[in-house]
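*Asks:* This is the structure, below, for whatever I ask next.
The values are calculated or read from the model by the stated rules, or taken from the named source; none is laboratory data. This one's a predicted model, so the numbers in the text were calculated from it and none came from an experiment. When we count neighbours, we look across all protein chains shown, and the Cβ atoms used for this are built from the backbone with ideal geometry, even at glycine.
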Amino acid sequence: MTQYAIEAPAKLNLSLRIRGKRPDGYHELETLMVTLPGLADQLTVTPAEAFSFTCDDPSLPTDGTNLVVKSVRAFETVSSLPCHVHIHLEKRVPHGAGLGGGSSDAASTLLALNSLHGSPLDLAALTDIASSLGSDIPFFLTPEPSWCTGRGEIVQPAKPFSPLPVLLFKPSFGVSTQDAYGRFASGDEISGIDYSARKFPFGDLINDLERPVFAKHRFLAELKQWLLDHPATEAALMSGSGSTVFAILKDPLQADVVADQARKALDPHLWSWSGITGA
């Protein structure tokens, strides 16, 4: 076994509809997800005498609660193969951002371990492990834009569409996914904020979680509306359960200008990233 490096890309939800509450307590989803190849964590897997895990972000746990560690243990159980490796995670995707960083790390861990051990598990087996660990994780096992249904674990490739130039913003705070879904049945729309769907070749750009999340975190509503009102922006949306809000730009060369203006107008500490969606 040699050292293995793999990137774990972020994702955006271009559409997120909640179709009801399931008997298992989860919500029934219909969401279109795409990866952001230019925004990715990196995992380095190195042979070792026993398993260990480190991360360059001290705010993240490295014990059994981390999805990377859970993925290793689940792979060992299903494959009956011990994973004598050291995994180091370089964190580039903000957490608590609605960008799927932890889920992507988990999927990339499964793919790396499977490759290092000679691919003992097929995609169906990896998908079973992934879905047992988290609803978004199966999506990251394949890189293509996909419609995800069920609680998010049923993945079907989407019809091809052109990559989109996007600009992402995240404030200093994150949003709990559990809290966002827990508030779905409550929370009124904020006057003056546009929640309506925007038509695109792939379908409607809309997020049903904006209403409950914006009701608690009004800054995100103000950020989205500021982007919608900007002349360089074609559309804007919260990704997943937040706290990232992204804009689809008319001209990607305007990204730096818009980002600077947003920091001056709204929050000088806003994190931003610009690039294109995967296709």
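*Asks:* Taking the criterion of being outside the structural domain of LYS21 (by TED's automatic domain parsing), of a type outside the set (Phe, Trp, Tyr), closer than 19 Å to GLU30 by Cα and touching a Ser or Thr at 6+ places or on another chain (Cβ under 9 Å), would at least one residue in segment 182-199 satisfy it?
*Replies:* Yes, segment 182-199 has at least one match.
*Asks:* Check every one of the helices (runs of 4 or more DSSP H) wholly within segment 22-133 and list those with 1 or more residues that are of a type in the set (Lys, Arg) and surrounded by 17 or more Cβ atoms within 10 Å (Cβ to Cβ).
*Replies:* So the answer is 67-79.
*Asks:* Residues to consider are LEU99, LEU116, LEU111; find the one that is aliphatic (A, V, I, L, M) and more than 30 Å from GLY203 (Cβ to Cβ).
*Replies:* Just a single option satisfies the conditions, and that option is LEU116.
*Asks:* Now, a different point. Which condition number does ASP179 fail, the rest of (1) crowded, with 17+ Cβ neighbours inside 10 Å; (2) in a helix (DSSP H, G or I); (3) not aliphatic (A, V, I, L, M) being met?
*Replies:* Failed condition: (1).
Here is a yes/no grid of residues against (1) over 30 Å from THR233 (Cα atoms); (2) among the aliphatic types (A, V, I, L, M):
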{"position": "GLY102", "(1), (2)": "no, no"}
{"position": "LEU113", "(1), (2)": "yes, yes"}
{"position": "ILE129", "(1), (2)": "yes, yes"}
{"position": "SER132", "(1), (2)": "yes, no"}
{"position": "PRO138", "(1), (2)": "yes, no"}
{"position": "SER146", "(1), (2)": "no, no"}
{"position": "GLU153", "(1), (2)": "yes, no"}
{"position": "VAL175", "(1), (2)": "no, yes"}
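*Asks:* Within the set of pairs 6 or more residues apart or between chains, which connect a residue that is outside the structural domain of SER176 (by TED's automatic domain parsing) inside segment 76-96 to a residue that is basic (Lys, Arg) and modelled with pLDDT of 95 or more with Cβ atoms less than 6 Å apart?
*Replies:* Filtered contacts from segment 76-96: PRO94/LYS170.
*Asks:* Which residues, counting only those in segment 234-277, are closer than 24 Å to PRO160 by Cα, surrounded by 19 or more Cβ atoms within 10 Å (Cβ to Cβ) and not hydrophobic (A, V, I, L, M, F, W, C)?
*Replies:* Once the filter is applied, which keeps residues that are closer than 24 Å to PRO160 by Cα, surrounded by 19 or more Cβ atoms within 10 Å (Cβ to Cβ) and not hydrophobic (A, V, I, L, M, F, W, C), segment 234-277 yields SER239, GLY240, SER274, THR277.
One line per residue, one yes/no per condition, for (1) outside any loop (DSSP other than H, G, I, E, B); (2) at pLDDT below 95; (3) out of contact with any strand residue (DSSP E or B) (no Cβ under 7 Å at 6 or more places or on another chain):
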| position | (1), (2), (3) |
| --- | --- |
| SER186 | no, yes, yes |
| GLY192 | no, no, yes |
| ARG211 | yes, no, yes |
| LEU227 | yes, no, no |
| ALA235 | yes, no, no |
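*Asks:* Here's a follow-up. Which of the following residues is modelled with pLDDT of 95 or more, within 18 Å of GLY278 (Cβ to Cβ), in contact with a Ser or Thr (Cβ under 7 Å, 6 or more places away or on another chain) and crowded, with 21+ Cβ neighbours inside 10 Å: LEU167, LEU141?
*Replies:* Exactly one residue qualifies, and that residue is LEU167.
*Asks:* Can you say whether THR177 is assigned by TED's automatic domain parsing to the domain that holds THR244 and of a type outside the set (Gly, Ala, Ser), as far as the supplied structure shows?
*Replies:* yes
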